[in-house]
Amino acid sequence: MISQEIRKIAPEMDPLRRGMGWTTEDLAKPQIIVESTFGDSHPGSVHLLKFANKAVEGITQSGGKGARYFATDICDGMSQGHDGINYSLASRDTLTSLIEIHANATPFDGGVFISSCDKAVPSHLMSIGRLNIPAIIVTGGVMEAGPDLLTLEQIGAYSAMCQRGEITEEKLTYYKENACPSCGACSFMGTAATMQVMAEALGLMLPGSSLMPATCEDLEDVALKAGRQAVELAKMNLRPKDIVTIKAFENAILVHAAISGSTNSLLHLPAIAHEFGLYIDEETFDRIHKDAHYLLDIRPAGKWPAQYFYYAGGVPAIMEELKHLLHLDVMTVTGKTLGENLEELKNNGYYEKCNSYLEKVGLKREDVIRPFNNPIGTNGSVSILKGNIAPEGAVVKHSAVPKEMHEAVLKAKPFDSEEDAINAVLKKIIRPGDAVIIRYEGPKGSGMPEMFYTTEAISSDEELAASIALITDGRFSGASKGPAIGHVSPEAAVGGPIALIEEDDLIEINISKRVLQIIGIKGKKCSEEEVKKALEERKNNWKPRRPKYESGILKLFSENAVSPMKGGYMK
C-alpha cells in the first residue's frame, strides 16, 4: 500500500505519528483518511464529529488506522442577502484543493468523506475524483421539519411578504425561530439534499444511506459500516474511477430528473466529471431530462419535507421505479454492481424499516414517490435553453415554473446587480410582462452568487409570480421556485450577449422548444438579422468592467473560473 511505501522513504513519518499516540502495529495497518466538514459553522456540519468518530471505529474494527482531518464549509443560507454569498461557489473549489493537500502531503490508502451540504458534498466528490484513492462517502442527512411541516426554504417568501406588509414582524419572527428544529441539511430538495442523492446515485455511498434524518441512530451505524468498508476498498484497490463512469453519471442524471433536483447540480456534476477525467455537457442533461419521469413529491417543487424521502425508501426506491432505464451493471463501493445492491435491499429488511417510519406519519410510499406509470410529470424537471442571449446555454427548472411562463414574450428590465433588481421587485417597479435581467453575477463577475431572495420576492408576489421571468448569469438556490432562468453563458463579465440587453428589448422564452432569445429591440419586434446587427453594434461599444475583486480568493476564482455551463470550476 502507498502508506507503507512512503514509510520506507520518509524516515520522520513513524516518529511523528508515534507523537500522536500511534503504536508500532498502527503504523503497519492500512491508513485511512477521515475527511469531514465538521465545525460550528452551520446545522449541516455541526453534528458530523460523531460520524467521523464512528467511521474511525469501523476502520479500527476492520484492521485499519483512521486519521481525522477537518475542512469545514460555509452555509449558503447564512451567506444569503449580503456579499458573503459570493464566496459560496469559490468555497467548493477551495475545499477541494485543501483536501487534495491533506491527502497527498501525507498519502493514505483510502478515505471516508463525511459532509452534508451545498458545496461540501460536491467538493468531496470532486476531491475523490482528483485523488482517486479507494473512498466512500457518508452524508450527514437532513434536519427535521418544524411545526406544521415548516421548512427553511419558506423563510425567504415570508420575509418578502413581511417587507410588503402582508404578514407581521411577529409572524416572521415565529417562522424564523421554528424553521430549523435540528441539525442536518435543510429539509427540502435543495442543493444539499440533491447532492447527497447524487453521491449515492454515482455509486459512492452505501445503498440507501443518503438523505437520512440527521438525528436517527441508523446514520451512526452507516458511518461505522462505511469505516469498515473503506478498509476493504483499500485492500481490494477498488478506486473511484473504477466506479464513477459515464454510465454512472447517466444514472445520476436520470435520478436527478426523477427527484426534480436542484439546478446547481448542473454546475456540480460537470465539475465532478472533470475531476474524474470525464466530460458531461448541457446536452447530456437535456437529453436525459427530456423524456424522464418526475416522481418525487418533495419540496420546494412538491408537498413534503425531505426527511420523508428516506421514509419512502430513498434512492433505492426511486431506482426501483427507474430500473428498466438504469445501467445496472455499474460498480459501486459495496464491491457489487448497482443491480446486485438493489436485489440485496429487497431481502435485508431495508424497505420494511423505511416503511415503519412512513406509517408513523400516516403516508404510503406512493404519496411521496410516485410509481413510474403515474408520474407527476413526463418531461423531467430541467431544460437547457439556447438562443442569441445564451449561445452556450441557460438552465431552467421547468417543473417549478408556472405554466403561463413556459411560452412568453417579455420586455427586458436589465440590472447590473441583484441588489438593484430585488429593490425594483419589492417596490413594484417591476410589472407583469417584464423580464428581470440580472447580470455581472456569473463566476467571473462576482463569484456566481445565488439570486434566492429575488426569486422568493417574485414567487411570493401573486401579481408577478406567473407574469414575469428572472434571467441571470448567476445561479439560484436549490430552494428557488418560479420563473427563473440562470447560468446564462457566456456571462456578462466576458461580454456575453446578456451584457448587451437594453431596456424594453423583447425577450422570447419557449421552454418546450428550448429557446431563449431577443426578438425585438426597444419594444419593437425585429427580424433575426436586425437583432443580430443591433447586438453587434452594442458589442462594439461594450467595455469590460473593472474586476470586482482585486485580491484574495475571489480574485483567484474570477480569473480562473470556466463558464457556468461547464461547471464554474477553476481551471
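The values are calculated or read from the model by the stated rules, or taken from the named source; none is laboratory data. Predicted model, so just to flag it, every value in this text is computed and none were measured. Every residue, glycine as well, gets a Cβ built from its backbone with ideal geometry; the counts of neighbours run over all protein chains shown. For the accessible areas, the whole protein counts, side chains as well, though only heavy atoms, and no ligand, DNA or RNA atoms are used. Shrake-Rupley method; radii C 1.70, N 1.55, O 1.52, S 1.80 Å.
Projected label points at Lys346 and Cys216, each 7 Å from Cα along the beta carbon direction, are separated by 2.2 nanometres. For Lys29, the lysines whose Cα comes closer than 17 Å to its Cα, not counting residues fewer than 8 places off in the same chain, are Lys8, Lys65, Lys235. Compute the long axis of helix 88-105 from its Cα atoms, compare it with the longest principal axis of the Cα atoms of the chain, and write down the angle in degrees, 0 to 90, nearest 10. With both axes taken from Cα atoms, the answer is about 20 degrees.
Cβ under 12 Å from Leu267's Cβ, Leu267 left aside: what net charge do those residues give with Lys, Arg +1 and Asp, Glu -1?
Summing Lys and Arg as +1 and Asp and Glu as -1 gives 0.
As a rough guide to protection, the peptides 164-170, 443-449 ranked by mean Cβ packing within 10 Å, highest first, stand as 443-449, 164-170. Full extension of the chain between Glu528 and Glu169 gives 124.2 nm of extra length, using 0.36 nm per residue less the Cα-Cα distance. Once the Cα atoms are used to define both axes, helix 350-360 deviates from the longest principal axis of the chain by about 60 degrees.
When the C-alpha to C-alpha distance is required to be over 24 Å, the pairs from Lys290/Lys403; Lys386/Lys548; Lys413/Lys444; Lys171/Lys364 that qualify are Lys386/Lys548; Lys171/Lys364.
Report the GluC sites (Glu not before Pro) located in region 429-504 that are in a DSSP loop and have at most 10 other Cβ atoms inside 10 Å of their Cβ, or state none. Sparse-neighbourhood loop GluC sites (Glu not before Pro): Glu462.
Here Asp291 and Lys353 are evaluated by their C-beta separation; at R0 = 45 Å the FRET efficiency comes out at 0.85.
First measure r as the distance between the Cβ atoms of Ile429 and Lys50, then evaluate 1/(1 + (r/R0)^6) with R0 = 41 Å and state the FRET efficiency to the nearest 0.05.
0.25
Among the trypsin sites (Lys or Arg not before Pro) within region 274-327, those in coil by DSSP and having at most 13 neighbouring Cβ atoms inside 10 Å are Lys303. Using the Cβ-Cβ distance between Ser97 and Asp416 with R0 = 35 Å, the FRET efficiency computed as 1/(1 + (r/R0)^6) comes to roughly 0.70.
Taking the Cβ of Phe557 as the centre, find all other residues whose Cβ is under 12 Å away and add up their charges (Lys, Arg: +1; Asp, Glu: -1). Overall, the nearby charge balance is +3. The angle separating the long axis of helix 217-236 from the principal Cα axis of greatest extent in the chain is about 70 degrees.
For the listed peptides 330-336, 536-542, a ranking on the average number of other beta carbons within 10 Å per residue, highest first, reads 330-336, 536-542.
Potential lengthening of the chain between Lys543 and Arg68 amounts to 166.1 nm, from the contour at 0.36 nm per residue minus the alpha-carbon distance.
Model label sites at Met78 and Tyr279, defined 7 Å from Cα along the beta-carbon direction, differ in position by 4.0 nm.
Averaged per residue, the chain has 37 square angstrom of accessible surface, using a 1.4 angstrom probe with ligands and nucleic acids left out. Between the residues Gly302, Asn347, Val330, the greatest Cα displacement towards the positive end of the dipole of region 253-362, with unit charges on the Cβ of Lys, Arg, Asp and Glu, is found for Gly302.
Within the shell defined by Cβ-Cβ distances under 13 Å, the residues around Ala120 carry a net charge of -3, with Lys and Arg each +1 and Asp and Glu each -1.
Restricting attention to the chain, close to 40% of DSSP beta bridges with both partner residues there are antiparallel. Within the accessible area of the chain, the carbon and sulfur atoms contribute 50%, probe 1.4 Å, all protein chains present. Among 469-475, 236-242, the peptide with the highest mean count of other Cβ atoms within 10 Å heads the list, and the full ranking is 469-475, 236-242.
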